[in-house]
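Asks: If you scroll down you'll find the structure; I have some questions about it.
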Amino acid sequence: MTAKLETAMEQIEIATGVLVVGGGMTGVATALEVARQGYPVTLIEAGEKVGPAAESRPRTGLPDARRLQDMAARLAQTDGIEVLTATRLDAAAGVAGDFKVWLSTAEDVLERRVGAIVVATEFDTAPLYDGYGLTPGGAVIGQSELEQRLAGDPGSFSGKTVAFVAGFAQSGNPMVMQRIFHCVKALQDAGAAGVYVYVGDLKVADDGLEREYRTGRDRGAIYFKLKEAPAIAASGAQVVIGFHDPVVRQQIEVTADCLVVEESLGVGAQCADLAAILRIDIGPRGFLQSDNIYRFPVATNREGIFVAGASREVRSLPWALADARNAALQVAEVLGDGTRLVPRDKAVVDIGKCTFCLTCYRCCPHGAIYWLSENKPVISPVACQACGICASECPMDAIQIGGFTDDLIRGQIAAKLAQVNGDPAIVAFCCQNSALPAGEMAATFRMSVPAGLRTIQVPCAGKIDLQYILDAFVSGADGVLVMACHPGNCKSERGNTYASWRVEDAQRLIAGAGLEPERLRFATLAANMGTDFKAIVVDMDQKIRELGKSRLH
Amino acid sequence: MIVAERKPLEEIESMLKGYRRVLTVGCGTCVAVCLAGGEKEVGILNAELQIARKLDENPIELGAACVERQCDMEFLDELQGMVDQYDAILSMACGAGVQFMAERFEDVPVFPAVDTTFIGANRDVGWYEEKCRACGTCVLGMTAGICPVTMCAKGLFNGPCGGTNNGYCEIGNDQPCAWYRIYERLARQGRLEQIMEIHPANEWRNQTPRTLVQAAYRKRKELAAS
């Protein structure tokens, strides 16, 4: 069955302001792009300055430094952009189209109402001295310190020998190499006597990096690609670097006046706080985005909250600026002309039944639920993705999902089971994002599936209520399959996890009541796994034939 | 709120052994919030009972209802027309609700479907922590908001005892020492001198069921009694 199409719609007003968090170039570009679309922007930056000064990317030798400065300068000349420096996001409430945010400046806490939020913070860098068994000081410095010195007094490197080490204390990264290439050029311009670069991985897969590498080498920089880090002995004002040169096959020693240690490119310090304030999921490496194949690159688990540039991944400047443009497009998608047509019955809370236990609020993976003191919980039709997790967790059955109400689904269970004659009756609850299309594929390819199989479409496995499973057995099912997306593939982040927990619980319950728990099975699929769908249902049919008909008939 | 836990099906089944028509009644307040006895749990319990009894070849006819609060007589009145059709009532409320139900429908056996566990707070979905023993003598004002009756294994009003062990209780390292925590928080709030105030011991012996009438309603109670 497909969802009802005759759903009544209603038009709602939404706020069109946009908050951009982070004043590096990603934030600047986002603010400019969003403003260009005609939406008012508030740009906040924790530091004192916005633009290149708030960047964590190379601070020296930026080939397009002038262009970036000009971009930042355009902020002040663009109507509808409010720039607040030394300002942090303190708190946020509400949902897409109607966020309230509290911004703490040096003097005050400001309140703004916005329709969308873009997090465009920068990454953090830290020299990896430990990874090379070095202590900073004397001739040993970190990459950032070199960049600062080159920006301040490049002449001090005239006639000096400088060596870099990278790609041994962490896996290689084009951005690490880019910083080195920029410094190599600056050192060569300053008249350094020699530049040596020792690398584990020499990664140049980004715009123009190969050219920068070659130009530096042509001007005399010497690169050594080694299997292991060179031996480094620091003694006062110099370092001695010993290594086996794989080309000349000899042990070589080089003395340098300065050894520059690579830096890690990590999650910005603000990210964890921002994730908590904005209730957005954190990915495995600590960045502000969980992996989800259903989302556009800059989207988060919450509608109306986007992440761009280094807040979601360490990205080079061109990629971060592309993110900024993408985020602006996504913002326009959400805000439109300030009105939005939404289905009235997407997710409806029966306020009379609701006991305000906050279970729905706590379980919603999309942060789509908030509450009003006078009106109990509200599910935002803009932010809600209609996965139905809340409806299945509600202890009062007070939430109904349009097209998938309890009455509709329970009616289907009874009606479909009534059609089964003789064969083992198997009810398969199928997530419409994976198992359902997999089943359709099996049917299209004319794979034979058991005659007693009856599928029931759900918007997400998270909608499969414990009671639907028990109902199916009471109504005469010999077996029940709960078919969800693979771990980590759920469109609603945790719907498949909830479903697997409920199946475990239901197995415990039916075993307690005297029914074989093997009659209930949880399986995961992807949409293109028609053959696997067939294998699972055939296996279940086999199992049921071994167990015999349910004694509940 | 009051936190309860669903009884094992086996225990419920044994209570209902001789009954063929049973009305299961949920409670829409504390036990619904702690996911033990709301409308959903009524449905689930009924399905379990239905399966179990059918397999036992002793089928049962089950009714389902859920009232706002079983500890208020007015809400129990809503069941008036239904109760007659059943041999027994299975209440999913806390001990107070079950007793009010039994008092309201004195001719019908009322059985509890949950174990009332404690007065607690909700840490996360389905996760509750005991916070109050309803001792009737709240000392939280002088104990920095940490209840020593609940949190201290000895329920000491004046602690800690000699068994405090690097922040934990002598009964085991999973249990923080309440008085250590109280000391820390009082110190943090700059009112450590309050720990020196001696609080008289509570009278725990010979306790009888307590009745509370809020001051503003004492006259109302007198009127009702006369």
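Asks: Dividing the alpha-carbon radius of gyration of the range A:347-401 by 2.2 N^0.38 Å (N being the number of residues), what value is obtained?
Replies: Its radius of gyration relative to the 2.2 N^0.38 Å reference: 0.96.
Asks: Check each residue of the range A:379-421 and keep those whose accessible area, probe 1.4 Å, is at least 30 Å² smaller with all protein chains in place than in the chain alone; give them in order of residue number.
Replies: Relative to the lone chain, where solvent access is computed with a 1.4 Å probe, the range A:379-421 loses at least 30 Å² at A:P395, A:M396, A:D397.
Asks: Keeping all protein chains in place, calculate the accessible area per residue for chain A (probe 1.4 angstrom), answer in Å².
Replies: 42
Asks: Here's a follow-up. Any idea what angle helix A:317-335 forms with the longest principal axis of chain A, computed on alpha-carbon atoms, 0 to 90 degrees, nearest 10?
Replies: It is inclined by approximately 30 degrees.
Asks: Count the DSSP beta bridges whose two residues both fall in the range B:2-119, then state the antiparallel fraction as a percent rounded to the nearest 5.
Replies: For the range B:2-119, the DSSP antiparallel bridge percentage is about 25.
Asks: Quick one: which bits of the range A:459-474 get at least 30 Å² less accessible when the partner protein chains are in, versus the chain alone, with a 1.4 Å probe?
Replies: Buried-area filter returns A:Q467, A:L470, A:V474.
Asks: Under the rule a/c < 1.5 gives rounded, and otherwise a/b versus b/c splits prolate from oblate, where does the range A:125-264 land using the Cα gyration tensor?
Replies: Rounded shape, in that the Cα axes give a/c under 1.5.
Asks: Could I ask something else about it? Taking A:K227 as the anchor, which lysines have their alpha carbon closer than 29 Å to its alpha carbon, excluding any fewer than eight residues away along the same chain?
Replies: Partners found: A:K160, A:K185, A:K203.
Asks: On to the next question. On a C-alpha basis, how far is the centre of the range A:167-232 from the centre of the range A:301-350 in Å? Whole number, if you could?
Replies: Their Cα centres are 37 Å away from one another.
Asks: What part of the accessible area of the protein assembly as shown, given as a whole %, is carbon or sulfur when the probe is 1.4 angstrom?
Replies: In the protein assembly as shown, the share of accessible area belonging to carbon and sulfur is 50 percent.
Asks: Additional query: Among B:M92, B:M151, B:M73, which one shows the highest mean-square fluctuation when chain B is modelled as a Gaussian network with alpha-carbon springs under 10 Å?
Replies: B:M73
Asks: Continuing with the same structure: Between the range B:122-165 and the range A:104-139, what is the C-alpha centre distance in whole Å?
Replies: 41
Asks: The range A:510-539: which residues show an accessible-area loss of 50 Å² or more, assembly versus chain alone, 1.4 Å probe?
Replies: Flagged in the range A:510-539: A:A513.
Asks: Return the equivalent ellipsoid semi-axes of the range A:211-355 as a descending list in whole Å, where each equals the square root of 5 times an eigenvalue of the C-alpha gyration tensor.
Replies: After diagonalising the Cα gyration tensor, the semi-axes are 52, 19, 13 Å.
Asks: Let me ask something else about it. When the helix-only estimate is applied to the protein assembly as shown (DSSP H runs of n ≥ 4, each -39,500 (n - 2.57), divided by the residue count), what is the mean residue ellipticity at 222 nm, nearest 500 deg cm²/dmol?
Replies: One gets -9000 deg cm²/dmol as the mean residue ellipticity at 222 nm.
Asks: Would you mind telling me the antiparallel percentage of the DSSP bridges in chain A, rounded to 5?
Replies: Of those bridges, close to 45 percent are antiparallel.
Asks: Let me know the Kirkwood hydrodynamic radius for the range A:406-547, please, with Cα pairs as the basis and the value in Å to one decimal.
Replies: Every distinct Cα pair counted, the radius reaches 14.7 Å.
Asks: Could I ask something else about it? Output needed for the range B:75-218: three equivalent-ellipsoid semi-axes, defined as square roots of 5 times the C-alpha gyration tensor eigenvalues, in descending order, whole Å.
Replies: 40, 18, 14
Asks: Let me ask something else about it. Which whole-number percent gives the relative contact order of chain A, counting Cα pairs below 8 Å spaced six or more residues apart?
Replies: Once divided by the residue count of chain A, the mean separation gives 13 percent.
Asks: So, by mean Cβ neighbours within 10 angstrom, what's the order for A:160-168, A:294-302 with the highest one leading?
Replies: With the highest mean Cβ count within 10 Å placed first, the list reads A:160-168, A:294-302.
Asks: Right, something else. Probe radius 1.4 Å, ligands and nucleic acids left out: can you give me the accessible area buried at the B-A interface, summed over both chains, in Å² to the nearest hundred?
Replies: 2200
Asks: Taking a ≥ b ≥ c as the square roots of the eigenvalues of the Cα gyration tensor of the range A:168-236, is the shape rounded (a/c under 1.5), prolate (a/b larger than b/c) or oblate?
Replies: oblate
Asks: Related question: According to the Cα gyration tensor, what semi-axes, each the square root of 5 times an eigenvalue, does the equivalent ellipsoid of the range B:114-171 have, listed from largest to smallest in whole Å?
Replies: Whole-Å semi-axes of the equivalent ellipsoid: 22, 15, 11.
Asks: How big is the convex hull of the Cα atoms of the protein assembly as shown, per residue, in Å³?
Replies: 259
Asks: Taking only protein heavy atoms and a 1.4 Å probe, what accessible area per residue, in Å², does the range B:133-196 have with all protein chains in place?
Replies: 58
Asks: Separation of the range A:376-424 and the range A:500-553 by C-alpha centroid, Å?
Replies: So the separation of the two Cα centres works out to 20 Å.
Asks: In addition: Compute the accessible area per residue over the range B:2-119, keeping the other protein chains in place, probe 1.4 Å, unit Å².
Replies: That works out to 42 Å² for each residue.
The values are calculated or read from the model by the stated rules, or taken from the named source; none is laboratory data. Everything numeric here is computed off the predicted structure, so don't read it as measured data. Reconstructed Cβ throughout: ideal geometry from the backbone, glycine too, with neighbour counts over all protein chains shown. Side chains are part of the model used for accessible areas, which takes the heavy atoms of the whole protein and leaves out ligands, DNA and RNA. Shrake-Rupley method; radii C 1.70, N 1.55, O 1.52, S 1.80 Å.
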